[in-house]
Amino acid sequence: MKLLLRRGFRRSVVQDRFTCVNAVMFRRVWRGTNETVLALSETEALAYRVRESDSDLSDPFLVDPDLALWQCGGEFLDVAGRLLELPAAPGHSAFEGK
């Protein structure tokens with residue numbers, strides 16, 4: 001979790017209104033993308049990347065598969081690590097703002 005915060009993610013607590021599940025959400029806008037990690041527990045998490053223009057912040061639990069550039073589910077440390085290992089989205093250089 002500390003690594004995500006050091007990499008520019010902001011932490012908040014969100015609730016899925018349909019299932020009444022609370023999750024810790026880590027989110028950042030990075031090089032034209034919205035990157036999100038939802039930690040439901042130590043063993044259950046969802047991470048995804050969508051274009052910033054395709055982000056729907058009203059319900060972070062729903063990700064349109066047609067809009068997702070990448071998504072992964074599994075253990076928190078695994079999915080967060082995989083997200084951090086992704087290269088910048090196409091069309092964004094490594095020298096653009098973080």
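The values are calculated or read from the model by the stated rules, or taken from the named source; none is laboratory data. Here the structure is a predicted model, which is why all the values come from computation and not from measurement. Quick reminder, even Gly has a Cβ in these numbers, built from the backbone with ideal geometry, and neighbours come from all protein chains shown. Calculation scope for accessible area: heavy atoms of the full protein, side chains included, ligands and nucleic acids excluded. Shrake-Rupley method; radii C 1.70, N 1.55, O 1.52, S 1.80 Å.
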- Sorted by accessible surface (1.4 Å probe, heavy atoms of the protein chains only), largest first, Asp16, Asp78 come out as Asp78, Asp16
- Query: Can you pull out the chymotrypsin sites (Phe, Trp or Tyr not before Pro) in the stretch 22-98 that DSSP calls coil and that have at most 11 other Cβ atoms within 10 Å?
  - Reply: Phe95
- Message: If you fit an axis through the alpha-carbon atoms of helix 76-85 and take the longest principal axis of the Cα set of the chain, what angle between them do you get, 0 to 90°, nearest 10?
- Response: 10
- the chain, relative contact order in percent, only Cα pairs under 8 angstrom and at least six apart counted: 23
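For the chain, give the percent of accessible area contributed by carbon and sulfur heavy atoms, probe 1.4 Å, rounded to a whole number.
It is 52 percent, rounded to a whole number.
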- Query: Given charges of +1 on the Cβ of Lys and Arg and -1 on the Cβ of Asp and Glu, with all other atoms neutral, how large is the dipole of the stretch 1-58 about its Cα centre, in debye to the nearest 20?
  - Reply: 400
- Task: Can you tell me the dipole magnitude for the chain around its Cα centre, using point charges on the Cβ only (Lys, Arg +1; Asp, Glu -1), in Debye to the nearest 20?
- Result: 560
- Task: Go ahead and set up a Gaussian network model of the chain, Cα springs under 10 Å, then flag whichever of Leu46, Leu84, Leu57 fluctuates most.
- Result: Leu57
- Note on the structure: Using the Kirkwood radius over Cα pairs of the chain, the Stokes-Einstein translational diffusion coefficient at 4 °C and 1.567 mPa s, in µm²/s and rounded to a whole number, is 95
- Query: Under the Karplus relation 6.51 cos²θ - 1.76 cosθ + 1.60, θ = phi - 60°, what is the ordered set of whole-Hz ³J(HN,Hα) values for the stretch 3-17, x standing for Gly and Pro?
  - Reply: 5, 4, 5, 5, 8, x, 6, 10, 9, 8, 9, 10, 10, 7, 5
